[in-house]
Number of protein chains: 2
Amino acid sequence: MKTISFSGTNKPCILETASSVGKKEGEGNLAPYYDNIFTDSRLSEKSWEKAESKLLKTNLTTLLNKAGEKAENIDLVFCGDLLNQCISSNFGLVDFHIPFFGLYGACSTFVEGMILAAMAVHGGYAKKAVAITSSHFCSSERQYRFPLEYGGQRTPTAQWTVTGSGAALIGTGGKIEITHATVGKIVDYGITDANNMGAAMAPAAIESIKQHFEDRNLSPDYFDYVVTGDLGHIGMQVAYDQLKKYGIDLKDRYIDCGDKIFDKEAQDVHAGGSGCGCCASVFSSWLYHLLKEKKCKRILLAATGALMSPTSSFQGESIPGIAHCVAIERSEN
Amino acid sequence: MKTISFSGTNKPCILETASSVGKKEGEGNLAPYYDNIFTDSRLSEKSWEKAESKLLKTNLTTLLNKAGEKAENIDLVFCGDLLNQCISSNFGLVDFHIPFFGLYGACSTFVEGMILAAMAVHGGYAKKAVAITSSHFCSSERQYRFPLEYGGQRTPTAQWTVTGSGAALIGTGGKIEITHATVGKIVDYGITDANNMGAAMAPAAIESIKQHFEDRNLSPDYFDYVVTGDLGHIGMQVAYDQLKKYGIDLKDRYIDCGDKIFDKEAQDVHAGGSGCGCCASVFSSWLYHLLKEKKCKRILLAATGALMSPTSSFQGESIPGIAHCVAIERSEN
């Protein structure tokens, strides 16, 4: 599959975004750009899973309110999260009655949803579609690592799952267009350290970004920013160096959402942020703001996902990665 | 969202299918129609999860061989399963290097994948796309219920997760067309019994089938068969009765894959089969055979999914359901 071009009629556009995050994210680098910051990690719910569902639900409500849309006018919603059987999505969406495609792409899910929503709008299957994802530090720690009460020590390469949800309303007639998409392939370099996800996902990001540049025959300075999802400080260095070797020297154009979301000095998150809500909330807040306010014109968003589970790691399997790319460009007029 | 129509150019067709199942399924009602029957539930692997991945991998290889296709000619694969973080799909697909959209729709995933593959082909984003899913009795029992060694008693309403994988190659120029699709909404009637999934999923099936008939203004005898995914003996009776009340009397046209796959008398599976591999393997073997051999002309396939997890059930949540429908029709010529 080569990079998909959304040209001609029904050009898919991002009409609105919404972002809702937790306390730690609200104290990070992008604090001024979020729609909702919840200082209570539980969001008044009885469990972390219910809290995450509520975060996603609140964020979708915020998106609809900002866009002045009712749920019944949304034709399709593409949604996923990190929890087993995607229960944050399932319970978060139940009250909206929107036709629903459930996705699992680990931390790449937000861009996976954007690509499918763009296809649905461009192909004429939906007038308006939503891509939305969530993650929650506490529900993820419990599911993937240790109960919080255990107080486990984190390794320097570990990333911090973002408590956040990002959502994008995709339709036609806007100025911020989704022009191209590169659907990721599963890439497995045999990395088995579940505490070094950035390194596991970097090869997939490198492959998809390289493919995108090659398919469109772009020079390295075409995009204002090339943004990876959540490689973190370690994985982003791997991606930057390898892309440079391939002739794609991104210089100061390269951003990683996991690197950007937290304050490296003041917030102790080790290798950076991660999770389905990481690139979703960074794009839906700050990056969309940059595009909308004409502070930049072209962004390549490459969300990365580690396609493992605790069970596969216990069984000695490696960590396959995937990266989906969308090119998002503000039209001239 | 109303029912989607795939009319005009690029009509999406099912060009080939493949089905691979376990021993018990191979002793069931549809034994003559499967491509592969594995009498070793482990498929020579060291864990149930690896066995399920291998089942899916083998089935995709079989599909490509039957169709005379190479993996590099497949533009997109839509794939999902029941395991946490969909590891059967992730590890099963890693060697194929096909651009990949990971899905989670519980037992509705096969039709979810077919709809998205049909959109991708009809919209011109893929020339050839594959929808594939798997489930495995042993990996599901361990994850959702009890370790097999525990020897837990099953309730009469419990369903038996099918060990199976079904796959469909979707492209253009064939005779068996995907003409319409109704994307499901999440429906929650407050059912909390995780051992009675059929009842939990029936309302979603009823709603989606009703919507499909209404949107297309069809009479109850339009389809040769209306097929639900895996409501089992109990859920299918609920669906049949309620649809009749809505004026859609399906009489002897109604089939449920979970009811059909096992021999009720000879095989002790209680309420019938279930799982991502249930409607996938039933469609990809017997139903596709009926269409291809001109034994029937029109099928409505309504795959149902229960959108819960053990965690959500432990936390007292209800079981939301979803049902996606595709109309599959053999063209006249």
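Tabulated data
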| item | result |
| --- | --- |
| Residues whose placed amide H lies under 5 Å from that of A:VAL77, excluding near-sequence neighbours | A:PHE100, A:PHE101, A:VAL130 |
| Under 17 Å from the Cα of B:LYS2 - lysines, other chains or at least 8 residues apart | A:LYS70, A:LYS127, A:LYS128, B:LYS185, B:LYS210 |
| Distance between the stretch A:21-98 and the stretch B:304-325 - C-alpha centres, whole angstrom | 19 |
| Within the stretch B:295-333, GluC sites (Glu not before Pro) in DSSP loop having at most 16 other beta-carbon neighbours inside 10 Å | B:GLU332 |
| Sequence-distant residues sharing a close amide H with B:THR304 (under 5 Å, placed H) | B:GLY229, B:ASP230 |
| Nitroxide proxy distance, nm - points 7 Å out along Cα→Cβ at A:GLN315 and B:THR172 | 4.0 |
| Cα coordinate range in the stretch B:128-257, projected on the principal axes (Å, largest first) | 50, 40, 27 |
| Rounded FRET efficiency, nearest 0.05, which uses the C-beta distance separating B:ARG145 from B:LYS244 and R0 of 41 Å | 0.80 |
| Net charge dipole size for the stretch A:246-301 [Lys, Arg +1 and Asp, Glu -1 on Cβ; Debye, nearest 20] | 480 |
| Local net charge near A:THR182, Cβ-Cβ under 13 Å (Lys/Arg +1, Asp/Glu -1) | -1 |
| Those aspartates and glutamates that a straight Cα-Cα span of less than 15 Å connects to B:LYS66, excepting residues fewer than 8 apart in one chain | B:GLU16, B:ASP35 |
| Given charges at beta-carbon only (K, R positive; D, E negative), |dipole| of the protein assembly as shown in Debye | 1060 |
| Candidates per trypsin sites (Lys or Arg not before Pro) in the stretch A:171-278, loop by DSSP, up to 16 other Cβ within 10 Å | A:LYS175, A:LYS264 |
| Computed [θ] at 222 nm, helices only, for the protein assembly as shown once each DSSP H run of length n ≥ 4 contributes -39500 (n - 2.57) | -9500 deg cm²/dmol |
| Amide N of the stretch B:137-154 lying under 11 Å from the label point, which is placed 7 angstrom from the Cα of B:ASN195 along Cα→Cβ | B:152-154 |
| Shape of the stretch B:1-124, Cα gyration tensor, a/c cut at 1.5 | prolate |
| Extension gain (nm, one decimal) between A:SER5 and A:LYS251, 0.36 nm per residue minus Cα-Cα | 85.9 nm |
| Formal net charge of residues neighbouring B:ALA202 (Cβ-Cβ distance under 15 Å; K, R +1; D, E -1) | -3 |
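A short reminder: the numbers here are calculations on the coordinates, not readings from a lab. Note that the structure is predicted; figures quoted are calculated from it, not measured. Cβ sites come from the backbone with ideal geometry, for glycine too, and all protein chains shown count toward neighbours.
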